[in-house]
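Undergrad: What follows is a structure written as structure tokens; I'll ask about it next.
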Amino acid sequence: MPEPLLSRRTALRGLGAAGLLASLAGCGVPAAYVPEDRRGAADRSARDRTVSFANWPLYIDTDDEDETRRPTLESFAERTGIEVRYSEEINDNDEFFGKVGPALMNHQDTGHDLVVVSDWMAARFVHLGWAQTMDRSAQPNVARHLDPQLRSPAFDEGRRHTVPWQSGITGIAYNRKALGREIRSTADLWHPDLKGRVTLFSGLDESFALLMQGNGVDVTRWTENDFHRMCDQVEELVRKKHIRRFTGNDYTSDLSKGDVLACQAYSGDAVQLQADNPDIEFVVPEEGAELWAESLLIPNLARHKANAEALIDHYYDPTTAAELAASVSYVCPVPAAREVLAGSGDKETAALAENPLVFPDEAMRERLAVARDISSAERRALAGRWNSLVGL
């Protein structure tokens, strides 16, 4: 298994994007919004066979013997003649938003043709009109192979502006041997035998959906009342010291060392933790769990749009998608890649095809939902309430 990845959804977010959004509100968001007919630039793809692709660290396949090589990018370059200028410069959603936001707000090229951000951040780009509409006629693999459950999130109906890079599940991880029982529901986290041995995610966007699902809420259309009811519950648990703390990436260390027995967790991390400790279990609660994605988008005025669309479609070829899935261990957004892995002839690789945390089965999918995003109008009040709980 690869070394543990930086959990993109748990990266601590700074105030850069919040400050930028505040400035947008002060100036009037309509001034920042870019209409469809002003998002494109003269495309240099035909004469300049390059594409600039910004991604998160450790979020792509590498060669086992030479980690500087990225086989799926190399195969794209060999097949198309398009050179990929690949950078791992996205370490935090808000930080990156703050970096490219001023250029986009002022109708300037960001220097990026393709970027990967979490869907809650992609929602900001889409709502502001800062992501270009993709030409699906040039992306037959996307049209054919994109996971149906990820095809039309509330923030981008029909996935016209975004395409999932990888996906994942927010559920519960626990040490079954140390706990001595199964966890089947979110309510099981509040059992007295887990007092002081439970952690939750500190990030609002990372944490809220699973907790509301535990209360029976349909997170595809949750309300502010649902949110505050959940916060009331968490506040009481914090005051009773049932919740040990709120975490970022370090939840994996807490669980591995036995400092906590159960926690909110991501499926991709769980796959890797289980390689070192088979007593670690990951569960999609009976009430449901959140299916999320981190998505590719093409920023406004990108100079190599056609080349970026071709690169996206390359990763939706099932063979390429299987190679990437075998490396990063998140939920693959290309279900057809499962057959490629199953027929690989390698026992370990074939086993990955049967892992429901990489390729969820139908029973699991019935309990997964894509939560509606938090609107800009809601965010300030809801974030204030949540952050007050995290700081208790």
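Undergrad: Cα centroid distance between the range 107-174 and the range 263-299, in Å?
TA: Centre-to-centre distance over Cα atoms comes out at 19 Å.
Undergrad: Using Cα positions and a limit of under 16 Å, work out the aspartates and glutamates in reach of K257, with same-chain residues fewer than 8 apart set aside.
TA: D269, D276, D279, E281
Undergrad: Can you grab the distance from the C-alpha centre of the range 303-365 to the C-alpha centre of the range 198-244, Å, no decimals?
TA: 32
Undergrad: Nearest 500 deg cm²/dmol is fine: what mean residue ellipticity at 222 nm does the chain get from its DSSP H runs of n ≥ 4 alone, each adding -39,500 (n - 2.57), divided by its residue count?
TA: Mean residue ellipticity at 222 nm (helix-derived): -11000 deg cm²/dmol.
Undergrad: Run the accessible area of the chain with a 1.4 Å probe and give the carbon-and-sulfur part as a rounded percent.
TA: C and S fraction of accessible area: 48 percent.
Undergrad: Students often get this wrong: which residues of the range 63-100 have the backbone nitrogen under 16 Å from the point 7 angstrom along Cα-to-C-beta of N249?
TA: Under 16 Å, as judged by backbone N against the label point of N249, lie 88-96 of the range 63-100.
Undergrad: Starting from the Cα of E366, step 7 Å along the direction of its Cβ; do the same at S388; then give the gap between the two resulting points in nm.
TA: 4.0
Undergrad: Once you sort the root eigenvalues of the Cα gyration tensor of the range 197-271 as a ≥ b ≥ c, which label holds: rounded (a/c under 1.5), prolate (a/b larger than b/c) or oblate (the other case)?
TA: oblate
Undergrad: Continuing with this model, one more query. 7 Å from Cα along Cα→Cβ at both S152 and E89: what's the point-to-point distance in nm?
TA: Calculated label separation equals 3.6 nm.
Undergrad: Now a separate question. Could you tell me whether the chain comes out rounded, prolate or oblate from its Cα gyration tensor? Rule is a ≥ b ≥ c as square roots of the eigenvalues, rounded for a/c under 1.5, then prolate if a/b exceeds b/c, otherwise oblate.
TA: Since a/c reaches 1.5 but b/c is at least a/b, the shape of the chain is classed as oblate.
Undergrad: For the chain, what's the relative contact order in percent, using C-alpha pairs closer than 8 Å and at least 6 residues apart?
TA: This gives 26 percent for the chain.
Undergrad: Provide the gained length on full extension for the span R160 to D64, in nm with one decimal, where the gain is 0.36 nm per separating residue minus the Cα-Cα distance. Could you put the intermediate results ahead of the total?
TA: Numbers: separation 96, 0.36 × 96 = 34.56 nm, distance 3.55 nm.
Working it through step by step, the gained length comes to 31.0 nm.
Undergrad: Before anything else, pin down the relative contact order of the range 256-392: Cα pairs under 8 Å, at least 6 apart, normalised by residue count, whole percent. Before the final figure, lay out each step's value.
TA: On the way: 97 pairs, mean separation 36.0, N = 137.
That works out to 26 percent.
The values are calculated or read from the model by the stated rules, or taken from the named source; none is laboratory data. It should be emphasised that the depicted structure is a prediction, and the values quoted were computed from it without experimental measurement. Note: ideal-geometry Cβ built from the backbone for every residue, glycine included; neighbour counts use all protein chains shown. When the accessible area is computed, the model is the full protein with side chains, heavy atoms only, and any ligands, DNA or RNA have been set aside. Shrake-Rupley method; radii C 1.70, N 1.55, O 1.52, S 1.80 Å.
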